[in-house]
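Read-outs throughout are calculated quantities, based only on the coordinates presented, and are distinct from any laboratory measurement. All values reported here derive from a predicted model rather than from experimental measurement. Note: ideal-geometry Cβ built from the backbone for every residue, glycine included; neighbour counts use all protein chains shown.
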Amino acid sequence: MSKAICIFAGNANPALAAQIAAYLEIPMGRAKVSRFSDGEVFAEVQENVRGVDAYIVQPSSAPVNDTLMELLVMADALKRASAGSITAVMPYYGYARQDRKVAPRTPITAKLVADLITASGVDRVVALDLHSGQIQGFFNLPFDHLYAMPVFLSYLGTKFPTPPVFVSPDAGGVERTRAYAKRCSADLAIIDKRRERANVSEVMHIIGDVKGRVCVLLDDMIDTAGTLTNAATALREAGAKSVMAAATHPVLSGPAIERIKASALEEVVVTDTIPLSDAALATGKFKVLGVARLLGEAIKRIHNGDSVSSLFV
């Protein structure tokens, strides 16, 4: 690479950052992110970064406020150390579901987070499978929105002799599910879901033929897993032969792991944007796919001025 590049990591997912650095065949950048006794975040860059293109790999996963603050403080430290450019690589963008006003007198926190990231000195953002694409417009910075579809399809393509039915668990995920179905020349089904309040979902009915078919539920994230497990139950009741799920971000909060363990889902395929807990791995239902190669290739192309969109052609 023509100009110096360095990969730094916060405490959210250092393993993924190390894999990205290994793919790029460069050593990890030396930085320490610690806490004062009262919980304040402190970051120290432990090498010269003057003129260097710095990439901070930090998903804003749980505890979201801590990991987000780590990203902001690291960006500020790099800016004050005269880094040539600072790119926030956010495999998972927290607060993404608060992307619009859903009721009077409520915030648009995804935009607030965008403003905080911009104010910290970040020059570019790279994210993977945003909850909603319009979040890119919250930034007045270059924004590269990557998709985990190639990673999932390379795995699913070896798993089924014939294409499964790709199922969207709600109306909001139809565009994503259609893209998978189109790429595989597969059938599409949609679950009509009515949500009465946050984190509570109710499956109503299924649009599409799933009887006797292998079904793959697709989503961008699994939070409390109510949507996925209710959808899996509905598909089995509708005559589906088997049901599995594929979701990029395993947030897995609250009762998610127990719900998945007791559900009709035979397998849940996720990526390593967020590290899985030991409890999740112990269920035996999770298959983790790596995204380091995808993110590493995107970073290489950004650094060299090559096309990133051609990764998904």
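Here r is the Cβ-Cβ distance between Val102 and Asn11 and R0 is 41 Å; the resulting FRET efficiency, rounded to 0.05, is 0.85. Remark on segment 196-313: Rg and Dmax equal 16.7, 51 Å (Cα only). Under a Gaussian network description of the chain, with springs only between Cα atoms under 10 Å, the residue in Ala280, Ala246, Ala171 that fluctuates furthest is Ala171.
Under the simplified labelling scheme, the Ile207-Asn48 pair shows an inter-label distance of 6.1 nm, with each label point 7 Å from Cα along Cα→Cβ. Whole-percent P(r), the chain, all Cα pairs, 10 Å bins from 0: 6, 26, 33, 22, 10, 2, 0. Result for the chain in a Gaussian network model with C-alpha springs under 10 Å: among Tyr93, Tyr155, Tyr147, the largest mean-square fluctuation is at Tyr155.
With respect to the chain, whose longest principal axis is taken over its alpha-carbon atoms, helix 174-184 is tilted by about 80°. Would you mind getting me the FRET efficiency between Asp306 and Met28? Use the beta-carbon distance for r and R0 = 22 Å, nearest 0.05. Working from the Cβ atoms, E equals 0.40. Of all lysines in the structure, those lying under 18 Å Cα to Cα from Lys261, and not within fewer than 8 positions of it along the same chain, are Lys285, Lys287. Give me D for segment 138-263 in µm² s⁻¹, whole number, from Stokes-Einstein with Rh from the Kirkwood sum over alpha-carbon pairs, 25 °C and 0.890 mPa s. My calculation gives 163 µm²/s for D. Between Asn140 and Thr158, the simple spin-label model (points 7 angstrom out along Cα→Cβ) gives 4.7 nm. In order along segment 223-233, phi translates into HN-Hα couplings of 9, 8, 6, x, 4, 5, 5, 5, 5, 4, 4 Hz, rounded to whole numbers, per the Karplus curve 6.51 cos²θ - 1.76 cosθ + 1.60 with θ = phi - 60° and x for Gly and Pro.
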